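To keep things clear, I will list the structure first and then write my remarks on it.
The values are calculated or read from the model by the stated rules, or taken from the named source; none is laboratory data. Every value quoted in this text rests on a predicted model; they were computed, and no experiment measured them. Because the Cβ atoms are built from the backbone with ideal geometry, glycine has one as well, and the counts that use them run over all protein chains shown.
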Amino acid sequence: MESELLKRFDSLLERKHYSSRSEAIRDLIRRDLVSEEWTDPDADVIGTITIVYEHHEHELASALADLQHRHHSQVVCSTHVHLDEHNCLEVIIVRGASQRVRSISDSLIATKGVKHGGLVCSTTGRDVM
Ligand code: NI
C-alpha cells in the first residue's frame, strides 16, 4: 500500500478509536459484505428505521401505527420517545426480505408529517461474522 494512503488510513483509525489496523480492516470488509447482502431483494436482513415526527399532526400517529400493523410479520418491535411537547422519535426494528424492509422504511419516511427518517441496514450476523 502507498505510504501516503497508509498514513491517512492510520490517522482515520485514530480518530475512530481503532486499536489496530486489522480490526479496522475487518470492519471495512464486514460493512461491504452487509451492503452486498442487502442488494439481494430476497435476502433475510435486519435493520432499524428511525423517524422523527410531529405529534400534533392530524392522524399521523395512527397512520404510522396502521402501516406497522400491516407489516406485522416484518416489524419486530418499536420504541417511542416523546422528545418534547411537539416531537416524537420512534425506532422500529424490522426483519425480512430486504426489498420489503426497504419498502416499509420508504413508506414510513415518506408519510406526511415525518420530519426526518433513516434506515440503518444491519445484518443478522449469520453470513458476515
Ligand atoms: Ni410521543
Residues of segment 90-109 satisfying the condition of being in contact with a Phe, Trp or Tyr (Cβ under 9 Å, 6 or more places away or on another chain) and away from the ligand (no atom under 16 Å from the Cβ):
98, 101, 102
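Answer yes or no: is there a residue in segment 70-88 that is among the polar types (S, T, N, Q), surrounded by fewer than 16 Cβ atoms within 10 Å (Cβ to Cβ), within 27 Å of residue 35 (Cα to Cα) and touching a residue at least 40 places away in the same chain (Cβ under 8 Å). Before you say what the answer is, go through the steps one by one.
Initially, segment 70-88 is screened for residues among the polar types (S, T, N, Q), giving 73-74, 78-79, 87.
Subset that is surrounded by fewer than 16 Cβ atoms within 10 Å (Cβ to Cβ): 73, 79, 87.
Still in the running and within 27 Å of residue 35 (Cα to Cα): 73, 79.
This time we only want the ones that are touching a residue at least 40 places away in the same chain (Cβ under 8 Å), so: none.
For segment 70-88, residues among the polar types (S, T, N, Q), surrounded by fewer than 16 Cβ atoms within 10 Å (Cβ to Cβ), within 27 Å of residue 35 (Cα to Cα) and touching a residue at least 40 places away in the same chain (Cβ under 8 Å): absent.
Quick grid of which residues meet (1) closer than 29 Å to residue 10 by Cα; (2) not in a strand (DSSP E or B):
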| position | (1), (2) |
| --- | --- |
| 24 | yes, yes |
| 30 | yes, yes |
| 33 | yes, yes |
| 47 | no, no |
| 51 | no, no |
| 80 | no, no |
| 84 | no, yes |
| 89 | no, no |
Does residue 57 meet the test of being closer than 17 Å to residue 110 by Cβ and in contact with a strand residue (DSSP E or B) (Cβ under 6 Å, 6 or more places away or on another chain)?
no
Residue within segment 41-48 that is at pLDDT 95 or above and within 16 Å of the ligand (Cβ to nearest atom) present:
no
Mind listing whichever residues of segment 69-89 are more than 10 Å from the ligand (Cβ to nearest atom) and over 15 Å from residue 117 (Cα atoms)?
69, 70, 71, 72, 73, 74, 75, 76, 77
Any chance you could count how many residues in segment 53-62 are surrounded by fewer than 17 Cβ atoms within 10 Å (Cβ to Cβ) and either more than 14 Å from the ligand (Cβ to nearest atom) or not in a loop (DSSP other than H, G, I, E, B) (or both)?
4
A careful count of residues in segment 70-99 that are more than 15 Å from residue 48 (Cβ to Cβ), in contact with a strand residue (DSSP E or B) (Cβ under 9 Å, 6 or more places away or on another chain) and not polar (S, T, N, Q) gives 5
